[in-house]
Amino acid sequence: MKEAQLQALAARQHGLAHEKQLAVLGLSRSARQHLLTSGRWQRRGKHVYQLVGAPETEAQELMFAVLDLGLDATLSHHTAIARWGVPGFALFPAHTMGDRARGRTAIHRPHVHQPRLLLPEHVLVLDGIRTTSPTRTLFDLAGVLHPGRLERALDTALASGLTTIPLLRKMLKQLARKGRPGIRIMRELLAARPLGYRPPESGLESRFQRLARQAGIWTFERQVDVGDEYDWIGRVDFIERSKRVIVEVQSARFHGSLSDEMRDAKRRALLRAAGWTLIEVKEHDLWHNPEKVIQQLRGVFW
């Protein structure tokens with residue numbers, strides 16, 4: 001029976017087990033030593049056992065980083081957000097969160113984070129490995145990332161359904177305290193994102209939003225359906241209602257063909273007839289001539 005439980009544990013944990021887990025299964029110190037002398041298991045660090053022959057994978061390395069630190073440890077920060085699928089972050093070197101004093105392996109020394117508060121609901125089990133939730137991970141990253149990179153990660157997590165504005169606001173209340181790194185920027189980012197906020201769906205839209213803010217315009221709404229008194233005209237990229245301004249970001253991928261141009265021309269005519277000022281921003285200018293975009297906006301708004 002114990003052998004079956006041991007094999008099941010190893011299967012869940014990528015071939016690894018902590019000595020405390022073995023003790024819970026009823027294996028005494030001598031029984032654990034027998035696992036080693038039998039050649040079926042081997043030591044992996046001071047407190048971790050590895051099943052001989054288990055595949056050596058990235059997941060196993062991450063599992064070891066957590067178990068070697070302790071059963072209450074978790075993957076966090078850059079490693080956690082990479083595991084949740086947000087691009088631009090690497091799994092390694094592994095970032096973990098737990099009691100630094102328990103770490104017995106050199107890989108932990110620069111990348112162990114000690115939390116002031118880590119509630120059970122802040123940790124999820126992803127592919128058998130304890131990992132901070134997407135919501136908690138964003139708050140941890142807020143203390144170490146450039147604000148622009150943090151904002152992109154936040155919007156990506158929202159667009160991917162990894163978190164929600166209500167969950168982020170709840171986490172803000174739990175973690176907010178004077179002096180906690182990253183709380184100020186997270187408070188500002190959430191203040192700019194109401195409950196109905198729609199994160200950018202593309203890099204072009206994110207880029208435009210940053211340039212609009214550089215131009216001093218913070219009131220654009222994204223992906224809004226617009227119509228006239230007769231019918232729906234279409235969904236536009238950005239709208240500023242008080243100035244009755246619409247911005248369309250022209251991607252070469254989606255607006256390059258003759259049929260695209262004909263359709264776009266008809267829609268532009270309808271929008272102008274409905275009283276909207278239309279600004280068309282080209283993809284090339286967003287990336288290679290940002291000052292032109294800023295001047296386009298200032299020419300209409302100021």
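The values are calculated or read from the model by the stated rules, or taken from the named source; none is laboratory data. What you see is a predicted model, and the numbers here were worked out from it, not measured in a lab. In this analysis, Cβ positions are derived from the backbone assuming ideal geometry, glycine residues included, and neighbour counts consider all displayed protein chains. When the accessible area is computed, the model is the full protein with side chains, heavy atoms only, and any ligands, DNA or RNA have been set aside. Shrake-Rupley method; radii C 1.70, N 1.55, O 1.52, S 1.80 Å.
With (1) at pLDDT below 90; (2) open to solvent by less than 80 Å² (accessible area, probe 1.4 Å); (3) in a helix (DSSP H, G or I) as the list, and ILE107 as the residue in question, which single condition is left unmet?
(2)
Which count do you get for residues in the stretch 167-187 that are open to solvent by 50 Å² or more (accessible area, probe 1.4 Å) and touching a Ser or Thr at 6+ places or on another chain (Cβ under 9 Å)?
2
Would you be able to tell me the number of residues in the stretch 60-88 that are open to solvent by 20 Å² or more (accessible area, probe 1.4 Å), under 13 Å from GLY128 (Cα atoms) and touching a residue at least 60 places away in the same chain (Cβ under 8 Å)?
So the count comes out to 0.
Would you please name the residue that is surrounded by the fewest Cβ atoms within 10 Å (Cβ to Cβ), looking only at residues in the stretch 5-53 that are among the charged types (D, E, K, R), out of contact with any Lys or Arg (no Cβ under 9 Å at 6 or more places or on another chain) and within 24 Å of VAL125 (Cβ to Cβ)?
Looking at residues that are among the charged types (D, E, K, R), out of contact with any Lys or Arg (no Cβ under 9 Å at 6 or more places or on another chain) and within 24 Å of VAL125 (Cβ to Cβ), I get LYS20.
Restrict the check to the stretch 27-41 and report whether at least one residue is hydroxyl-bearing (Ser, Thr, Tyr), in contact with a strand residue (DSSP E or B) (Cβ under 8 Å, 6 or more places away or on another chain) and in a helix (DSSP H, G or I).
Scanning the stretch 27-41 turns up no residue that is hydroxyl-bearing (Ser, Thr, Tyr), in contact with a strand residue (DSSP E or B) (Cβ under 8 Å, 6 or more places away or on another chain) and in a helix (DSSP H, G or I).
State whether the residues of the stretch 89-98 include one that is small (Gly, Ala, Ser), surrounded by fewer than 17 Cβ atoms within 10 Å (Cβ to Cβ) and modelled with pLDDT under 90.
no
Mind listing whichever residues of the stretch 251-274 are at pLDDT below 90 and either open to solvent by less than 30 Å² (accessible area, probe 1.4 Å) or closer than 17 Å to THR219 by Cβ (or both)?
Matches in the stretch 251-274: SER251, ASP260, ASP264.
Please specify each residue of the stretch 119-142 satisfying the condition of being in contact with a helix residue (DSSP H, G or I) (Cβ under 8 Å, 6 or more places away or on another chain) and outside any helix (DSSP H, G or I).
If the condition is that a residue be in contact with a helix residue (DSSP H, G or I) (Cβ under 8 Å, 6 or more places away or on another chain) and outside any helix (DSSP H, G or I), then LEU119, VAL123, LEU126, ASP127, GLY128, ILE129, ARG130, THR131, THR132, SER133 are the ones that fit.
Name the single residue, out of those in the stretch 202-250 being acidic (Asp, Glu) and under 27 Å from VAL86 (Cα atoms), that is surrounded by the fewest Cβ atoms within 10 Å (Cβ to Cβ).
Filtering the stretch 202-250 for residues that are acidic (Asp, Glu) and under 27 Å from VAL86 (Cα atoms), the one surrounded by the fewest Cβ atoms within 10 Å (Cβ to Cβ) comes out as GLU221.
Residues in the stretch 48-57: is at least one among the acidic types (Asp, Glu) and within 25 Å of the chain's Cα centre (by Cα)?
No, the stretch 48-57 contains no residue that is among the acidic types (Asp, Glu) and within 25 Å of the chain's Cα centre (by Cα).
Keeping to the stretch 20-52, report how many residues are closer than 25 Å to PHE92 by Cα and in contact (Cβ under 8 Å) with a residue 24 or more places away in the chain.
Residues flagged as closer than 25 Å to PHE92 by Cα and in contact (Cβ under 8 Å) with a residue 24 or more places away in the chain within the stretch 20-52 amount to 8.
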